[in-house]
Amino acid sequence: MPGPDGRSSRGLRGRLVLFDLDGTLVDSTPGIWASVAVAAAELGLPEPTAAQLRNMVGPPLQDGFALVLGVPPDDVPRAVTAYRAHYAAGALLDVAVYDGVPELLAALAGAGALLAVATSKPEPFAVRVLEHTGLLGAFASVHGATLDGAVRHKEQVVAAALATHPGGRDAVLIGDREHDVRGAAAHGLPCLGAGWGPAPGELRAAGAAAVARTPAEALALLADV
């Protein structure tokens, strides 16, 4: 089957393709940034810088507050609670599907690939975002963090996806951050970098197998990843 760029997408039948969510399928920065700012204000922290806001998209929320904003460990739960209150009230729906993503998902499904989501976003929030954007039906399963934080790292959600689809072959993760590369590598999987996301520069340095500039290019590169 030809892909969007005219190259063949043969060899995808039965292949398990895992997708990160934020920065890969959808641009969720407006809602995330607004919620981070609300949480920082509630804790009396300085207004987050542009760099800090960018770095809050991708890692688990608890880790972002601790490592990016420097929230003391005892205050991290309060920061998470403040963030989630604002986020769940509606900010999580302030998202936009990246151009070319629906076509990529349709091409992969048409070629017989098995698609699943593996995200560090809490699973209930991920499902709401996917429902809101009309993408949920493209995926056989959705795997995300637990609200208590026991499951939040990328390697944990990738493990859940692999366990759910033991028959999926040649699994690969498509993601936009270094956390995706490391989470895939923990299971011996390659990561195809979503270079259309907010942080393409860190993907190669982290060891991504390849970096696609667009979703259409991702389909072409999957043949070699």
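Mean sequence separation of contacting Cα pairs (under 8 Å, at least six apart), scaled by the length of the stretch 49-163, corresponds to a relative contact order of 23 percent.
Computed from Cα positions, the angle between helix 154-164 and the longest principal axis of the chain comes to roughly 50 degrees. Residue by residue, the stretch 25-36 carries 3J(HN,Hα) couplings of 8, 9, 8, 10, 4, x, x, 5, 4, 4, 6, 5 Hz when phi is fed to the Karplus relation 6.51 cos²θ - 1.76 cosθ + 1.60 (θ = phi - 60°); x denotes Gly or Pro. Between helix 123-133 and the chain there is an angle of about 60 degrees, using the helix long axis and the longest principal axis of the Cα atoms. When only Cα pairs below 8 angstrom with a gap of at least 6 residues are kept, the stretch 133-199 shows a relative contact order of 26 percent. Among beta bridges from DSSP that stay inside the chain, the antiparallel ones total about 15%.
Can you give the calculated 222 nm mean residue ellipticity of the chain, where each DSSP H run of n ≥ 4 adds -39,500 (n - 2.57) and the sum is split over every residue, rounded to the nearest 500 deg cm²/dmol? Mean residue ellipticity, 222 nm, calculated: -11000 deg cm²/dmol.
Take the Cβ atoms of ALA89 and THR164, set R0 to 30 Å, and the FRET efficiency comes out at 0.45. Note on the chain: GNM, Cα springs under 10 Å; of GLU155, GLU123, GLU47, the largest mean-square fluctuation is that of GLU47. Of the solvent-accessible surface of the stretch 39-195, computed with a 1.4 Å probe and all protein chains present, 55% belongs to carbon and sulfur.
Helix 101-110 and the longest principal axis of the Cα set of the chain meet at an angle near 40°. Look at the alpha carbon pairs under 8 Å that are at least 6 residues apart: their mean separation over the length of the chain gives a relative contact order of 26 percent.
The values are calculated or read from the model by the stated rules, or taken from the named source; none is laboratory data. Just so you know, these numbers come straight off a predicted model, no measurement behind them. Virtual Cβ from ideal backbone geometry, glycine too; neighbours counted across all protein chains shown. The accessibility values were calculated without ligands, DNA or RNA, using every heavy atom of the protein model including side chains. Shrake-Rupley method; radii C 1.70, N 1.55, O 1.52, S 1.80 Å.
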